[in-house]
Protein chains: 2
Amino acid sequence: MMEPPEGWELRGRPPALFRRFEFGSYRETRLFLDGLADLSEETGMHPQNISFGTTYANITLEAPDGGEPGQEEYALAARINALSGPAAS
Amino acid sequence: MMEPPEGWELRGRPPALFRRFEFGSYRETRLFLDGLADLSEETGMHPQNISFGTTYANITLEAPDGGEPGQEEYALAARINALSGPAAS
């Protein structure tokens with residue numbers, strides 16, 4: 001099994017990629033979510049769920065076929081990490 | 001106790017206003033979320049949590065003081081209903 005990108009873990013059954021991002025302000029959270037929406041439009045891949053409040057976003061990525069996350073989901077997770085910038089923890 | 005706006009229910013302890021919105025497409029979901037972000041900036045009120053996927057959004061509104069939702073939260077809920085348009089269920 002591949003190693004999840006930094007900060008992500010495999011959760012659930014079948015496993016989904018999950019990561020929590022925390023931000024210093026609503027503005028940062030909003031910028032992250034806007035970037036994520038752009039990334040979804042570009043790739044045609046949408047997280048199965050995004051749950052957010054003013055200063056956090058929890059993201060779950062599933063494989064579209066209901067199986068385990070594969071290369072495409074790992075690549076998307078890595079690109080989401082790049083969106084979050086150094087401010088995210 | 002006030003009657004929650006159409007489609008909303010009181011949930012949890014202390015109770016929070018909750019409603020699930022369903023949409024016909026990711027585009028509709030995205031338009032709704034963008035409108036909600038604009039409404040948050042205008043009012044300075046942010047839902048405690050928004051959890052969404054491609055065709056739904058679940059929204060939880062809490063009172064900022066940890067008490068029961070009051071007139072301000074009810075008014076925000078009604079404005080969120082207006083955003084969703086006739087397509088939402």
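The values are calculated or read from the model by the stated rules, or taken from the named source; none is laboratory data. Remember, predicted model here, so these are calculated numbers, not experimental data. Ideal geometry is used to build each Cβ from the backbone, glycine not excepted, and the neighbour counts take in all protein chains shown.
Of all residues in segment B:50-64, at least one satisfies being of a type in the set (V, I, T), touching a helix residue (DSSP H, G or I) at 6+ places or on another chain (Cβ under 8 Å) and free of Cβ contacts under 8 Å to residues at least 24 places away in the same chain.
Applying the condition of being within 10 Å of another protein chain (Cβ to nearest Cβ) and aromatic (F, W, Y) to segment A:34-87 and asking which residue is surrounded by the most Cβ atoms within 10 Å (Cβ to Cβ) yields A:F52. With respect to being in contact (Cβ under 8 Å) with a residue 60 or more places away in the chain, at negative phi and within 9 Å of the chain's Cα centre (by Cα), A:A78 fits the description. Scanning segment A:16-33 turns up no residue that is in contact with a helix residue (DSSP H, G or I) (Cβ under 8 Å, 6 or more places away or on another chain) and among the polar types (S, T, N, Q).
Looking only at residues of segment B:13-23 that are farther than 22 Å from B:G85 by Cα and touching a residue at least 24 places away in the same chain (Cβ under 8 Å), we find that the one that is surrounded by the fewest Cβ atoms within 10 Å (Cβ to Cβ) is B:P14.
Looking only at segment A:8-21, decide whether some residue is away from chain B (no Cβ under 13 Å), assigned to a loop (DSSP other than H, G, I, E, B), at pLDDT 95 or above and under 14 Å from the mean Cα position of the chain (by Cα). Checked segment A:8-21: at least one residue is away from chain B (no Cβ under 13 Å), assigned to a loop (DSSP other than H, G, I, E, B), at pLDDT 95 or above and under 14 Å from the mean Cα position of the chain (by Cα).
Against the conditions (1) over 10 Å from the mean Cα position of the chain (by Cα); (2) at pLDDT below 95; (3) not aromatic (F, W, Y), B:S51 satisfies every one except (2). When residues in segment B:24-38 are screened for being touching a strand residue (DSSP E or B) at 6+ places or on another chain (Cβ under 9 Å) and touching a residue at least 40 places away in the same chain (Cβ under 8 Å), 2 of them pass.
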